[in-house]
Amino acid sequence: MTSFSDVDDDPPPDGEEWGAPEGWVCPVPDAVDLVVESGAMLAVFAAEQYRRVEWMRREALADAARHGYQLTEVIERSVRLELAAALSITEYSAGALIAQADALVNRYPAVLDVLGRAGITQRHATELATALDGVEPEFRDRLLTPALALAESLPVGTFRRKLRALVDTVRAVTLTERHEHALGARRVVLETVEDGMAWLHQYLPAVEAHAGYSRLTAQAKILAARPGETRTLDQLRADVLGDLLIDGVTDTLPPDARGIRATVAVTVPALALQGADPDGIATVEGIGPIPMSRARELCGGAHGWMRVLTHPETGIVLSVGRKRYRPPPQLARLVRWRAENCMAPGCRIPAARCELDHTLAWHHGGPTALTNLTPLCTGHHTVKHHGRWRVEQIEGSGGAILWTSPTGRHYRVQPERHTPTFTTTADAPPPF
Ligand SMILES: [Zn+2]
């Protein structure tokens, strides 16, 4: 490497010295920097390709118009063929490329600009354009800025989910109306297929569908655990449902599997529940927004619903401090619910299948508390303990985890949901 003293240059002006300030070290890119840099190049080139593809399409249309051809459809077909042949890709891929170029250049130039600066990846850009194209035009302007902010800050998988939630939220103003309309189409469809089999489909509100499926799964799992049971979980679910539909009972179930009711978490802003905030949005875990009228019904005493109000509510054990290592079930459930997935960067393993990790290890004095517990899948749990990563829960963040890699880079993982903020009043017993 060339050091500053080797550089042959004009002599410095009087009274000044060439060279770096004392202690300054020329930054040398490491292996991760080099990969990141090539990723940035791909983004810049992708943006440029979109501009050129759109320009090619326009040129072809203009050229055809000059020659008196008016059939836009035929010309676009021809452009697609040309592009596929020139790039050695399928016509299907070429068609997708043209459609994406059209969307980004003509409808979402702000997204294309960010891609051109390598602020997002090509995947982010195409996901964003597809999502915006999928909503009613009146919502697009309101979505663009927050959606772009998400794209710039989140890995693509998380971004896709957050974007869907954002779209749902923005469209929620028309949710009640859309739901009412869709509800009218509820039905059961019988579809006979080969091998003496048939499908029975039910089109019903998502809340009931999820609740029913969870109940079938819970009962099937109990059956699966019995000695000698050889049926798969899929087969057991089908058998339990069949019994319920045909006889209305599940006599084949052992007593401990009867009467199981599904538990679904519904999050409702407390003020909206009382009718004080008409714009409040209720969401159901794994489903998305539901009409507020349904949420009121669900929270109005029906059992089997874990109510998580986004408002201080007492009663949930948030910490058992150093009293015990294993979190009590309610706390464990809240930790998993908050994160939804393993809290390693980009990991999509559901929290239900994760281990609960004391972020600050128990043997280093870490408490068993909401502020020190997070779900990690087995693989990432191992990486945390043996992989030279530093992992911390960011104080006051509501469960965000900061991962510091062996090369010193920081990755922040935000939990899926916010837990209510709890305050301890003077006369309440201390949490631990
Ligand atoms: Zn993981």
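Tabulated values for the structure
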quantity: Shape of region 75-199, Cα gyration tensor, a/c cut at 1.5; calculated: oblate
quantity: Difference of contour (0.36 nm per residue) and Cα-Cα distance, Thr217 to His181; calculated: 10.0 nm
quantity: Cleavage-rule hits (GluC sites (Glu not before Pro)) in region 321-395: DSSP loop, at most 11 neighbouring Cβ within 10 angstrom; calculated: Glu395
quantity: Placed amide H near Arg322: partners under 5 Å, 5+ positions off or other chain; calculated: Thr368
quantity: Point-to-point label distance, Arg52-Val193, nm (Cα→Cβ direction, 7 Å offset); calculated: 4.5 nm
quantity: Estimated FRET transfer efficiency (Ala361, Leu42; beta-carbon r; R0 41 Å; 0.05); calculated: 0.55
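We did not get these values from a lab; they are worked out from the coordinates using the rules stated. These figures come from a predicted structure and were not determined experimentally. When we count neighbours, we look across all protein chains shown, and the Cβ atoms used for this are built from the backbone with ideal geometry, even at glycine.
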